[in-house]
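Take a look at the structure set out below.
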Amino acid sequence: MPTGIAWQELAEGLRGRVLQPGDAEYERRRRVWNGAIDRRPLAIAQCLDADDVGAAVRFAARASLPMTVRGGGHNVAGLAVRDDALMLDLGAMNRIEVDPQARIARVEGGALWRDVDAATQPHGLATTGGFVSTTGVGGFTQGGGVGWLMRRCGLAADNLIEADVVLADGRSVVASERRTPTCSGPCAAGRAGSGSSRVSAIGCMRSARSMPAWRSTPSRRPRACCASSANSRRARRRPLS
């Protein structure tokens with residue numbers, strides 16, 4: 001275990017907080033979706049923006065600390081947390097901006113899919129998200145992203161237009177097929193939380209017009225939204241509440 005780490009230096013360089021063992025919030029944030037995972041990082045850097053991410057990455061490099069990234073914390077292997085490491089907690093970075101005319105959503109790296117749904121649905125928009133609403137957008141998208149709308153919209157990664165990425169040296173770059181084609185592929189394929197050399201701070205997602213959903217009567221099997229009109233008439237057309 002590294003010794004003599006200047007945690008105060010990290011705290012002074014962040015807008016967010018640095019949590020350590022003994023802090024009540026530390027116990028909550030080190031826990032992930034898989035309850036079987038019980039690991040204890042040396043500290044948790046709660047990042048509020050991309051500058052915080054860059055500062056934490058540079059600090060980990062200077063201190064020779066292993067580093068993990070927590071987006072939604074939903075990975076079944078618990079890759080977001082590691083013993084004796086620095087965890088970058090992106091949970092507070094969950095802001096979303098929607099451009100309904102361009103059908104584009106700009107999503108911060110700590111957002112969950114329920115955050116995206118809440119932001120896009122008022123505009124009648126949706127994109128391929130997780131089967132479970134508590135899944136993090138960043139890790140899900142970088143892992144490919146299989147979801148309910150994939151037959152219509154493709155995988156989540158197919159809808160990633162660009163990403164603001166923090167590299168291993170703390171520099172921020174914008175990765176996209178148009179601006180940095182050599183970086184956009186690894187960005188979509190990399191796994192946040194696995195100790196990789198890049199952290200996606202913000203991503204831009206393409207959205208499509210959403211379709212209304214209908215609930216079938218209790219006595220009949222639910223019909224797919226692409227069912228024929230004859231089959232659709234067997235369902236009582238009540239919008240899902």
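Every number in this text was worked out from the coordinates using simple rules, so none of it is lab data. A quick note: this is a predicted structure, and the numbers were derived from the prediction, not measured. Because the Cβ atoms are built from the backbone with ideal geometry, glycine has one as well, and the counts that use them run over all protein chains shown.
Here are the numbers for this structure:
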item: Virtual paramagnetic centre 7 Å along Cα→Cβ of ARG179, amide N under 18 Å, in the range 53-69; result: 53-54
item: Nitroxide proxy distance, nm - points 7 Å out along Cα→Cβ at ASP99 and ALA24; result: 4.3
item: Label-to-label distance, nm, for residues given as ARG171 and ASP51 (7 Å Cα→Cβ offset); result: 2.0
item: Ranked by how many other beta carbons lie within 10 Å on average, peptides 4-13, 117-126 from highest; result: 117-126, 4-13
item: Where labels lie 7 Å past Cα in the beta-carbon direction, separation of MET150 and ASN34 in nm; result: 1.9
item: Least to most buried among MET150, MET67, MET87 (fewest other Cβ within 10 Å first); result: MET150, MET67, MET87
item: Ranked packing of 151-160, 28-37, most packed first, by mean Cβ within 10 Å; result: 151-160, 28-37
